[in-house]
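One structure below.
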Amino acid sequence: MKKSLLSTLIGISALCTSTAYAQSNMYGLLGLNYAEADQEQISAKGPGYSFAMGYEFHRQWFVELGYQQLIDEDADRLTADNLGTEDSNSATGDAIYAAVLGKARSQAGTLFYRLGVMSIKWQADSYLAEGRDCAAGTASTVVVSDSLNATRCAVDDTAIAGVVGLGFDFVLTQTVDVRLEAQHIRGEDDLQVNLVQLGVRYNF
């Protein structure tokens, strides 16, 4: 799935690049993020990364296409003590996205807001006390110890989500900016992600 997402993104980026290079309005972005994700009984926190290509089609507007690993967090070893807690949850979210960024430029850099849409490949596990129902995902029984079983709630889905964000590109040089941004993502099946991103933007 991840390979198909990347190949799709590369194809779209190549198409945009061919029409925009002559105007020198392109930029590339590499970023790291830290996210908090929630879906029903599943909650997880962890790091991720992103890369994107952007094009300034108007002096106040960008369009941006990218790949974003929202979160990649493994669960701790399941025990009686962490059963039903965030420590026993795992979550992985990989997304391709398209967004429009409105901007206001200053001497220090560019203030912007983001409106976009994502396709997220979402995989997550949570563990509950045996007998409890899963609010999301497929239920199965796992053995925690000789005297304790648990219910595993496993989600493996592709969700469409909307994203809004607010950020600032701080000017370092004529070609390099540092980006700081906060995003809120809300998708199908009550999936929600809040993240903070720190990135480097290179202006072609």
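The values are calculated or read from the model by the stated rules, or taken from the named source; none is laboratory data. Just so we're clear, the structure is a prediction, and the values are computed from it rather than from any experiment. Cβ: placed from backbone, ideal geometry, glycine included. Neighbour counts: every protein chain shown. For the accessible areas, the whole protein counts, side chains as well, though only heavy atoms, and no ligand, DNA or RNA atoms are used. Shrake-Rupley method; radii C 1.70, N 1.55, O 1.52, S 1.80 Å.
Condition first: outside any strand (DSSP E or B), open to solvent by less than 10 Å² (accessible area, probe 1.4 Å) and modelled with pLDDT under 90. Can you find one or more residues in the range 78-88 that meet it?
yes
Check whether at least one residue in the range 94-103 is under 25 Å from Ile42 (Cβ atoms), in contact with a helix residue (DSSP H, G or I) (Cβ under 8 Å, 6 or more places away or on another chain), open to solvent by less than 70 Å² (accessible area, probe 1.4 Å) and among the β-branched types (Val, Ile, Thr), and report yes or no.
Among the residues of the range 94-103, at least one is under 25 Å from Ile42 (Cβ atoms), in contact with a helix residue (DSSP H, G or I) (Cβ under 8 Å, 6 or more places away or on another chain), open to solvent by less than 70 Å² (accessible area, probe 1.4 Å) and among the β-branched types (Val, Ile, Thr), which makes the answer yes.
Within the set of pairs 6 or more residues apart or between chains, which connect a residue that is farther than 26 Å from Ser126 by Cβ and modelled with pLDDT of 95 or more inside the range 20-39 to a residue that is in a strand (DSSP E or B) and among the basic types (Lys, Arg) with Cβ atoms less than 9 Å apart?
Tyr27/Arg201; Gly28/Arg201; Leu29/Arg179; Leu29/Arg201; Leu30/Arg201; Gly31/Arg179; Gly31/Arg201
Specify the residue that is modelled with the lowest pLDDT; the eligible residues are those in the range 40-77 that are at negative phi and among the acidic types (Asp, Glu).
Among those residues, the one meeting the criterion is Asp76.
How do the strands (runs of 3 or more DSSP E) wholly within the range 123-198 filter down when requiring 3 or more residues that are of a type outside the set (Lys, Arg), under 26 Å from the mean Cα position of the chain (by Cα) and farther than 30 Å from Ala80 by Cβ: which remain?
Answer list for the range 123-198: 148-171, 176-187.
Quick one: Glu36 ticks every box in (1) open to solvent by less than 60 Å² (accessible area, probe 1.4 Å); (2) under 17 Å from the mean Cα position of the chain (by Cα) bar one, so which box is it?
Every condition holds for Glu36 apart from (1).
Going by the structure shown, is Leu111 part of a strand (DSSP E or B) and in contact with a Lys or Arg (Cβ under 7 Å, 6 or more places away or on another chain)?
Criteria met by Leu111.
Residue under question is Val196, and the condition is that it be hydrophobic (A, V, I, L, M, F, W, C), in contact with a Phe, Trp or Tyr (Cβ under 6 Å, 6 or more places away or on another chain), open to solvent by 70 Å² or more (accessible area, probe 1.4 Å) and touching a residue at least 24 places away in the same chain (Cβ under 8 Å); does it hold?
Yes; evaluated as a whole, the condition is true for this residue.
Conditions tested, residue by residue: (1) open to solvent by 70 Å² or more (accessible area, probe 1.4 Å); (2) among the hydrophobic types (A, V, I, L, M, F, W, C); (3) at pLDDT 95 or above; (4) closer than 22 Å to Glu40 by Cβ.
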site: Gly137; (1), (2), (3), (4): no, no, no, yes
site: Val142; (1), (2), (3), (4): no, yes, no, yes
site: Ser147; (1), (2), (3), (4): yes, no, no, no
site: Cys153; (1), (2), (3), (4): no, yes, no, yes
site: Val163; (1), (2), (3), (4): no, yes, yes, yes
site: Gly167; (1), (2), (3), (4): no, no, yes, no
site: Val178; (1), (2), (3), (4): no, yes, yes, no
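Of the residues that make up the range 65-76, is at least one surrounded by fewer than 20 Cβ atoms within 10 Å (Cβ to Cβ), over 30 Å from Arg201 (Cβ atoms), out of contact with any Ser or Thr (no Cβ under 6 Å at 6 or more places or on another chain) and in contact (Cβ under 8 Å) with a residue 40 or more places away in the chain?
Within the range 65-76 (the criterion being surrounded by fewer than 20 Cβ atoms within 10 Å (Cβ to Cβ), over 30 Å from Arg201 (Cβ atoms), out of contact with any Ser or Thr (no Cβ under 6 Å at 6 or more places or on another chain) and in contact (Cβ under 8 Å) with a residue 40 or more places away in the chain), the answer is no, since none of the residues qualifies.
For the range 119-158, enumerate the residues that are within 24 Å of Leu70 (Cα to Cα), among the hydrophobic types (A, V, I, L, M, F, W, C) and free of Cβ contacts under 8 Å to residues at least 40 places away in the same chain.
Ala154
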